Each structure stands twice: as structure tokens, then as C-alpha cells.
Amino acid sequence: MERILKTWLARIVALCLLTGIGACGEAENPDGAAAREVVEALFAAAAGTSFDAEQNLRAELSGEECLERSAELMDYRAKTLPWLCAAFGAEAPDMRLLSEGHAAMQACEAGRAYLELLEEFGFAGAQMCMEGTMRACQSWLAEIDHAALEKINPDYACWLYCPDSPIDYPVVQGADNSAYLHRLFNGESNACGTLFIDCRNLADFQDPNTLIYGHHMRNGSMFKSIAYYNDQAWYDAHPFMLVASVREIAVLEMFAGCTTSKRDPCYEVALSDEDDLLALAEELKERSDFASGVEIRPGDRLVTLSTCAYAFKDARYIAVGRLRSVWTAEKM
């Protein structure tokens, strides 16, 4: 893993230097590249569409038809989200939810592509497909060697993954919010910086609202793709991310994205009152560039991903999600 991480770091540095950047039969067990392919197909199946497909479709729809399409995808994701969570979890999934998710994916092009991929490894039917997916997810997660990452950098906090995007990176937490603005994960000075959690937050995502910052890079790396949530089609293809640490694995269910300023209430981490958190979530949904249908409830934990924007001076773009924990160390 240390060798892989160094290769990844070298690639990021090379991109920075080259592009002049400014402000990641008998059932066989998928592993390696095959496991990654299954994981990527899983997220696409859970979303129910791709960015290109959704853009092309919506270009042909009227405003009312676009609203109907959004409602259709919301209903679809309500069935596939439990499947996605179960795939990364450690407990046996509810068979009713398993069957609903499997049936929904059979009727969806992205879902069928995922199920057909599993068939290539010998997994067919809801239960076997889930079993094969869980194996692939565990193999993929094993590539994230938290101990090796902590050895390289004690500030390591977690790994953040957004499918079909450059976001596949380690996340750190420095002593202050300037420590990693221009410093790579291995400590080298570079304009790319490193994704980092606000120094005011707890590093284990136990705050009501955890802030993660990243640069808006011209080559598309780091957090540039966060700003793409200003497009409904991008959201529809990327409604879920994954947060993985040594203590917890959680699906991040995106529910709002908008342009704002650094004085926005979303940058407040001390939201101890549940009513304040719920009010903030509702406000963010009202301002959001996309419709998600996600309902925020008392006790939910939010994660706010923030990057620079250029609509006005000191503008920011934020994409906000709700954490759905699927595994914690206490359960093991």
C-alpha cells in the first residue's frame, strides 16, 4: 500500500507540474482490478444513471418532465440505497430490502450492467449477488491500508471516494486550517494541497456537521468536481460517496449543493442544538442547485465538502451529505 500511495502521490505531483495548476460457474472472488470494477458498477447501479446519459435525457425533456424524472430517480434510490449500504456493511441485510433493490436494478440499464458483471464471476440472484458484492467491497477496502497511511502521515483521518470522479483521496486533519493548503499527504510542498477536515471538528465525524476542504484545481483533481453539483444530472449520477476510516465505514448521501460565501452558517461546526441543525439542512435544501428528496432527521450527521468558486469574490461551492454508518469498530 505504501508503494501504491507513493505512486499516486507522484502522479498528482506530475499533474501539477505539467498543467500549471492554480487555486483518485463456481463463484470466483473478485479482487484487485476486478473488485474495483464491481464497486464502480455498484455505485452506478445504486444511482441508476450516468452523467452523460442523464444530461442527454434531460436535454430532451420539458421542465415538468424533468421533475417527473427526478421523482422517478428518488423512488429508485430509495430501493437501491439499502443494497449499497449492505454491500459495505458487516451485518446480514434484510431480505425484503435485498429483493426490492435487486428487482429495481433488473429494470434499470445501469443496474443490469452491474448484475451482468456479477454473473461473470458466477453470482446470480439477489442473495448471491449481494454475497459477491460484499466480497468485492471488502477486497477493495483492503487496498486502503489505514495503518500504512497513518505511518506515512499521523494526521491521516479517512479515505473519501466519489465514484466516476477524481475524488479517491486520503483526508487529513492538521493543527490549523492552513497546514495542508499547499502541502501534499507526504509533507511535500505543492499547490495541490491535501483534502483536510476543519481543525475545529472531531476527526471521527462525530460532530453534527464535519467540514472537509479541498482546492478547485484546473486539471479536475482534488475538489473541482464538487462544483459540478450545480447540475442536476451530475447529482443524479453521483448521489452517494463513501467515507472509510479505521473506526467507521459510512455512505455519504448527498442532499444539497450551492454557491455561498465563507460566512455561511454551514461553516459553523458547533451545532449542538438539533433544531439548529435541522433548520440549516432545510435552508440548504431550499438553496440547493439540485433536488434530492433526502430527509434530514434528528440525530443525523452532516458532512460539508467545500471548495473555491468564482461567482463573486471569496465565493465557495459546497456539497452537503448525510452520513449513513454501515460499519463501526465497536460492532466487530
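Data overview
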| quantity | calculated |
| --- | --- |
| Amide H partners (placed H, <5 Å) of Trp327, local residues excluded | Ile249 |
| Karplus 3J(HN,Hα) series, Hz, for segment 139-155 with 6.51 cos²θ - 1.76 cosθ + 1.60 (x for Gly, Pro) | 5, 5, 5, 5, 5, 8, 7, 4, 5, 5, 5, 5, 5, 5, 8, x, 7 |
| Segment Glu68-Ala315, length gained on full extension (0.36 nm per residue, minus Cα span) | 85.7 nm |
| Net dipole in debye of the chain [+1 Lys, Arg Cβ; -1 Asp, Glu Cβ; about Cα centre; nearest 20] | 1080 debye |
| Cut-off under 5 Å, modelled amide H: who pairs with Ala256 long-range | Val320 |
| 17 Å Cα-Cα reach of Lys262 towards aspartates and glutamates, excluding residues that sit fewer than 8 places from it in its own chain | Asp176, Asp198, Glu283, Asp314 |
| Beta bridges by DSSP in the chain, antiparallel share as percent, to the nearest 5 | 85 percent |
| Solvent accessible area, Å² - Arg324, 1.4 Å probe, full protein context | 80 Å² |
| Sites matching GluC sites (Glu not before Pro) across segment 44-93 that sit in DSSP coil, with at most 14 neighbouring C-beta atoms within 10 Å | Glu60, Glu91 |
| From phi via Karplus (6.51, -1.76, 1.60), per-residue ³J(HN,Hα) for segment 318-323 in Hz, x at Gly/Pro | 10, 10, 10, x, 9, 6 |
| Cβ-based charge dipole, segment 190-304, positive-most Cα from Gln232, Tyr267, Ser221 | Ser221 |
| Segment 182-277 - convex hull of alpha carbons, volume per residue in Å³ | 138 Å³ |
| Separation between Cα centres of segment 49-79 and segment 261-328, rounded to whole Å | 23 Å |
| Cα-based shape type of segment 200-253, given that a ≥ b ≥ c are square roots of the gyration tensor eigenvalues and the cut on a/c is 1.5 | prolate |
| Estimated dipole of segment 114-233 in Debye, rounded to 20 [Cβ of Lys and Arg +1, of Asp and Glu -1, Cα centre] | 420 debye |
| Chymotrypsin sites (Phe, Trp or Tyr not before Pro) within segment 247-316, DSSP loop, no more than 15 other Cβ atoms inside 10 Å | Tyr310, Phe312 |
| Segment 286-302 residues near the modelled Glu268 label - backbone nitrogen below 20 Å, point 7 Å along Cα→Cβ | 286-288, 296-302 |
| Order of exposure, largest accessible area first, which applies to Cys66, Cys199 with probe 1.4 Å | Cys199, Cys66 |
| Residues of type aspartates and glutamates that Lys224 reaches as a straight line, Cα spacing below 13 Å, ignoring anything fewer than 8 places off in the same chain | Asp168 |
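The values are calculated or read from the model by the stated rules, or taken from the named source; none is laboratory data. Keep in mind that what you see is a predicted model, and the values were worked out from it rather than measured. All Cβ positions, even for glycine, are placed from backbone atoms using ideal geometry, and neighbour counts span all protein chains on display. To get the accessible areas, we keep the full protein, side chains included, count just its heavy atoms, and leave off ligands, DNA and RNA. Shrake-Rupley method; radii C 1.70, N 1.55, O 1.52, S 1.80 Å.
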